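Structure first, then comments.
The values are calculated or read from the model by the stated rules, or taken from the named source; none is laboratory data. Here the structure is a predicted model, which is why all the values come from computation and not from measurement. When we count neighbours, we look across all protein chains shown, and the Cβ atoms used for this are built from the backbone with ideal geometry, even at glycine. In case anyone asks, the SASA skips ligands and DNA or RNA and just uses the protein heavy atoms, side chains included. Shrake-Rupley method; radii C 1.70, N 1.55, O 1.52, S 1.80 Å.
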Amino acid sequence: MTKTSFVIRNSFRNKRRSVLTMLSIGFSLLLLTVMMTIWRSFYMDQGAPDSAKRVITRHRVSLTFLLPTYYRDKIRSLPGVVAVVPMTFFGGKYKDDRPENSFAQFATDPSEYLKVASDKVVPPDQVLAWQRDRAGALVDIELAKKFGWKIGDRIHLTGTFFPANPELTVRAIYTMDPPPRTIYFHTAYLEEAIPWFKGQAGFFDVRVSSADDVPNVAAAIDDLFRNSPEPTKTESEHAFKLSFVAMLGNVKAFILSICAAVVFAILLVSANTMAMSIRGRTREVAVLKTLGFTARNVLSLFVGEAVALSLAGGVAGILAAAAVIHLFAHSPVGIGISNGLTVTVPTMGVALVVAASVGFFSACLPAYKASRMNIVEGLRHIG
């Protein structure tokens, strides 16, 4: 019998204890993997490569304050700016208030929008149709599949923030990776429906010539309107999205505290299991040492058992986390809020390292004590 087979056989010596320990570690790793995936999605994932060339200009005080549309021409005149479009979040309801019918809607200028958002792929004939129809809508292909929309279908939205109920016609369908699950329609349509909104925009989406120009362009835009009645705050698209996350509170501290609690919990579970297992095999350890096993052999055997058990639970937890996140991302509830939320290979690797480390450190002390045990005392032990 090799050391590997010996470790595997003894890892499941007490099947009930081993299975319960694996389930505990697996559930903990599931939670840890989900938290790390959310962290990566919020703070590490920079989005599509094309988004690195875009900045968002909004009111410095709050997104609830509108900006005058004449800012657009002033922004366009700055060096490094390629295109500028006004964007206004409409926030209407489709059908009812159920989460599965929720998606984002923005009013914009079709004549220039796809110059800014060039990562959206739209057939040229559909682009022209959308630009020519003031009531036309550009819709995401995932939303089109979900609701069964086709070119020419009507979409009725009920206003919540704005006193308007747009009747839109699907004129173009776009694809993008990851899909934003958003529709876009004419700002002119909203201006006609709401007279006081004319000449205003929620924010501006600005495309710059290169990612290196983003800091300079952002600073130039804010300097341009620093002393105006409506000062601006310009930031990268990624930072703009994080500002919405910040509205929920200190999300970073929340995620980190959960991760720390999870690691501490599985460390306690694994340490308790290994201490019980080794204590119950005191005479066996004495017999092994009598047969010629060195202290190092005994130490490596017990640490190997703990690592194997932790890795088995960790693999199960990681696979379960990947399944949970996949189901959530494709569920009616998660379809609008989980763009790009997937368990990546590096995340799985970190989770496995955590599982192995927990197994290693939880077994070190009891395994070391067992390896230093006196043979005579071990043989006399009655457990």
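Values as computed for the structure displayed
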| read-out | value |
| --- | --- |
| In the range 56-83, residue surrounded by the most Cβ atoms within 10 Å (Cβ to Cβ) [restricted to those that are of a type in the set (Gly, Ala, Ser) and touching a residue at least 40 places away in the same chain (Cβ under 8 Å)] | Ala83 |
| Residue in the range 329-343 that is part of a helix (DSSP H, G or I), hydrophobic (A, V, I, L, M, F, W, C) and modelled with pLDDT under 85 present | yes |
| Set Thr69, Thr88, Thr33, Thr57: member being within 30 Å of Phe264 (Cα to Cα), modelled with pLDDT of 85 or more and of a type outside the set (A, V, I, L, M, F, W, C) | Thr33 |
| Residue satisfying all of: in the range 171-230; among the polar types (S, T, N, Q) and in contact (Cβ under 8 Å) with a residue 40 or more places away in the chain; nearest to Ile151 (Cα to Cα) among these | Thr175 |
| Qualifying residue in the range 153-171 (condition: closer than 24 Å to Val82 by Cβ and not hydroxyl-bearing (Ser, Thr, Tyr)) | no |
| Of residues in the range 281-298 being surrounded by fewer than 19 Cβ atoms within 10 Å (Cβ to Cβ), hydrophobic (A, V, I, L, M, F, W, C) and part of a helix (DSSP H, G or I), the one nearest to the chain's Cα centre (by Cα) | Ala295 |
| Matching entry among Lys145, Lys198 (being modelled with pLDDT under 95 and either touching a Cys at 6+ places or on another chain (Cβ under 8 Å) or over 15 Å from Thr88 (Cα atoms) (or both)) | Lys145 |
| Number of positions in the range 179-213 that are among the hydroxyl-bearing types (Ser, Thr, Tyr), farther than 26 Å from Ala329 by Cα and not in a helix (DSSP H, G or I) | 2 |
| Residue identified as modelled with pLDDT under 90, open to solvent by less than 90 Å² (accessible area, probe 1.4 Å) and of a type in the set (D, E, K, R) among Arg40, Arg9 | Arg40 |
| Checking Val85 against (1) under 21 Å from Glu192 (Cβ atoms); (2) in contact with a Leu (Cβ under 8 Å, 6 or more places away or on another chain), the condition it does not meet | (2) |
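Residue-by-condition table, conditions (1) touching a helix residue (DSSP H, G or I) at 6+ places or on another chain (Cβ under 6 Å); (2) closer than 22 Å to Tyr113 by Cβ; (3) open to solvent by 40 Å² or more (accessible area, probe 1.4 Å):
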site: Tyr189; (1), (2), (3): no, yes, yes
site: Glu192; (1), (2), (3): no, yes, yes
site: Gln200; (1), (2), (3): no, yes, yes
site: Asp205; (1), (2), (3): yes, yes, no
site: Asp213; (1), (2), (3): no, yes, yes
site: Val251; (1), (2), (3): yes, no, no
site: Val262; (1), (2), (3): yes, no, no
